[in-house]
Amino acid sequence: MWHIGKNKAGWEKSDRGKNRGTKNMIIKEPTRVDLEKWKQIWIQYKDQLHPNRKSGMELLHYLQKKFVLTERFDEHALSTISHNVTMNPHSAEKIPVGEKPIPRAFFLENAGAGTYLYQPENWDDPDLWGGEISRIFVGVELTTGEFMVEGSTLLWDELYAFRGLDEQDLQNYVCVALYVNCCNRIRQWKRKIEKI
């Protein structure tokens, strides 16, 4: 996965607390154990799931409606989003013939509905991102609906669960397992919030 970069995303060192939730974003090479777990989840759920994937525009509208976003127009951020799609064979196959990636880049601000992502109980381990995240970066590629998040695995899981899966994704055991795990994490998080 291509990254925006420590200084580009406004990161600072900190001894922030650890997120107690299970993170589903793949940030390192999966082990054989990971792959076997994902295959078992796929076997369990593949026949129960149906295509429900939302478009890049639907994902963008979800973000814009729910969160306070500050759009970024710098070429480094935009090309990073595009490269995350074109360098991943599964994602690149989703680009329609004759079209090019259409990236959009944002900071998700610590305001409005987005404040929950900045609360200590939802912080990720600071080592995951190289230090404290002062702002969360979100990139959406409009032609495929692919996205990237730096600074919040909880947001990544929320977006993956919201976006859903298409027919191609349903044949991919990694995609199905990530989707099921993301849906479960978001459901658990919502139950926890309702108790407060």
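The values are calculated or read from the model by the stated rules, or taken from the named source; none is laboratory data. Nothing here was measured: the structure is a model prediction, and the numbers come from that model. So basically every Cβ, Gly included, is an ideal-geometry build from the backbone, and we count neighbours across all protein chains shown. Ligands, DNA and RNA are stripped out before the accessible areas are found, and what is left, the full protein with its side chains, is counted by its heavy atoms. Shrake-Rupley method; radii C 1.70, N 1.55, O 1.52, S 1.80 Å.
Brief remarks on what is shown
- Segment 118-196 versus segment 63-112: alpha-carbon centroid distance in Å: 15
- Remark: for residue pairs LYS46/LYS66; LYS39/LYS100; LYS66/LYS190, the C-alpha separation exceeds 21 Å in LYS46/LYS66; LYS39/LYS100.
- When all alpha carbon pairs of segment 90-133 are counted in 10 Å bins from zero, the resulting P(r) reads 20, 31, 23, 24, 2 %.
- For the chain, size of Cβ-based charge dipole, Lys and Arg +1, Asp and Glu -1, in debye: 580
- Sulfur and carbon atoms: percent of accessible area, the chain [1.4 Å]: 53
- Quarter the surface of the alpha carbon convex hull of the chain and you get the mean projected area, 11.3 square nanometres.
- Heavy atoms of VAL140: accessible area, 1.4 Å probe, square angstrom to 10: 0
- Over the chain, relative contact order from alpha-carbon pairs under 8 Å, at least 6 apart, %: 35
- The chain, accessible area per residue, ligands and nucleic acids excluded (1.4 Å, Å²): 54
- Protein-only accessible surface order, largest first, of GLU93, GLU167, GLU71 at 1.4 Å: GLU93, GLU167, GLU71
- GNM top mover of ASN184, ASN172, ASN88 - the chain, alpha-carbon springs below 10 Å: ASN88
- Normalised by residue number, the volume inside the convex hull of the Cα atoms of segment 133-184 is 71 Å³ per residue.
- With the convex hull constructed from alpha-carbon coordinates only, segment 98-184 shows a mean projected area of 6.9 nm² over all directions.
- Distance between the 7 Å Cα→Cβ label points at GLN119 and PHE73: 3.6 nm.
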